[in-house]
Amino acid sequence: MPKIHFVGGEKGGVGKSVLARLLAQYHIDREQDFSAFDGDLSHGALMRYYADYSEAVDINRSEDVDRIAERAVESDKDVIVDLAAQAARPLDRWMDETGLLELSGEMGVEVLLWHVMDDSTDALRLLGAMLDTHGEGPGYVLVRNRGRGSDFSLLDDSEEKTRAETLGARSMDLPALHAPTMRKIDRVGASLWAAANNKDPELGPSLGLLERQRVRVWLGKAYAELDRILD
């Protein structure tokens with residue numbers, strides 16, 4: 001069954017685009033066909049690092065967002081959508097006016113809302129708002145980004161998490177990647193594959209030996225979490 005992965009969290013700087021890039025690379029490495037839409041028109045991480053698979057989408061334009069559902073149904077493959085901060089309102093409006101969740105059920109498409117979080121109270125409040133809006137309709141994945149927080153006890157002990165789990169939500173940890181290595185990946189414009197594997201600067205962006213090893217270790221841990229979630 002094809003899936004539409006809406007990667008959000010509403011806050012800026014919580015790691016949405018990192019998770020979207022990770023999902024893209026995961027599909028490539030697992031040899032799973034996918035398309036990607038980049039809703040961050042100002043930064044465009046998927047367009048920058050995975051341009052062969054991605055196209056821009058303006059979440060505020062219904063005719064633009066329609067392409068997401070149409071692609072999943074017509075191509076019968078996963079679709080990854082990297083949402084910009086504060087995209088929830090236009091996305092929620094579009095999902096409501098199109099009856100997306102009902103349509104996706106009829107068409108055999110699973111809708112997954114990935115809620116990427118730091119360890120702040122804001123992330124928890126936004127989780128509650130998302131659950132209030134969508135209820136039992138979509139699937140949920142709660143992502144504790146360890147690169148954006150170390151103490152998630154507020155989430156783990158919360159009524160919001162309990163409510164999400166009652167609705168079938170799954171939770172995962174996004175491991176922290178060595179910060180200087182992550183900054184270098186962004187600075188040189190490397191895909192996660194190139195960051196982990198490319199040794200030759202003449203063939204494209206490359207990292208040092210230990211930097212590549214750090215990325216491989218990080219990918220292994222992150223993929224283990226995704227395998228568990230997407231199994």
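Just one residue in the set G137, G128 is in contact with a helix residue (DSSP H, G or I) (Cβ under 7 Å, 6 or more places away or on another chain), in a helix (DSSP H, G or I) and in the same structural domain as S17 (by TED's automatic domain parsing); that residue is G128. Taking segment 106-116 as the range and being in a loop (DSSP other than H, G, I, E, B) and β-branched (V, I, T) as the test, only V109 passes. Inside segment 143-157, residues that are touching a residue at least 24 places away in the same chain (Cβ under 8 Å) and in a loop (DSSP other than H, G, I, E, B) make up a count of 7. Among what's in segment 200-216 and is outside any helix (DSSP H, G or I) and modelled with pLDDT under 95, pick the residue that is surrounded by the fewest Cβ atoms within 10 Å (Cβ to Cβ). That would be D200. Just one of (1) surrounded by fewer than 19 Cβ atoms within 10 Å (Cβ to Cβ); (2) more than 19 Å from K11 (Cβ to Cβ); (3) of a type in the set (D, E, K, R) fails for R71. It is (1). R187 meets the stated requirement of being surrounded by fewer than 11 Cβ atoms within 10 Å (Cβ to Cβ), among the basic types (K, R) and within 23 Å of A51 (Cβ to Cβ). Of the residues A176, A224, the single one that is out of contact with any Cys (no Cβ under 7 Å at 6 or more places or on another chain) and in a helix (DSSP H, G or I) is A224. The numbered conditions (1) in contact (Cβ under 8 Å) with a residue 12 or more places away in the chain; (2) farther than 24 Å from A36 by Cβ; (3) of a type outside the set (A, V, I, L, M) are all true for Y140 except (2).
Screening segment 30-105 for helices (runs of 4 or more DSSP H) wholly inside it with 3 or more residues that are small (G, A, S), touching a residue at least 40 places away in the same chain (Cβ under 8 Å) and more than 30 Å from R183 (Cα to Cα) returns the ranges 62-75.
The values are calculated or read from the model by the stated rules, or taken from the named source; none is laboratory data. Remember, it's a predicted structure, so these values are computed and weren't measured experimentally. Using ideal geometry, Cβ is built from the backbone for each residue, glycine included, and neighbour counts are taken over all protein chains shown.
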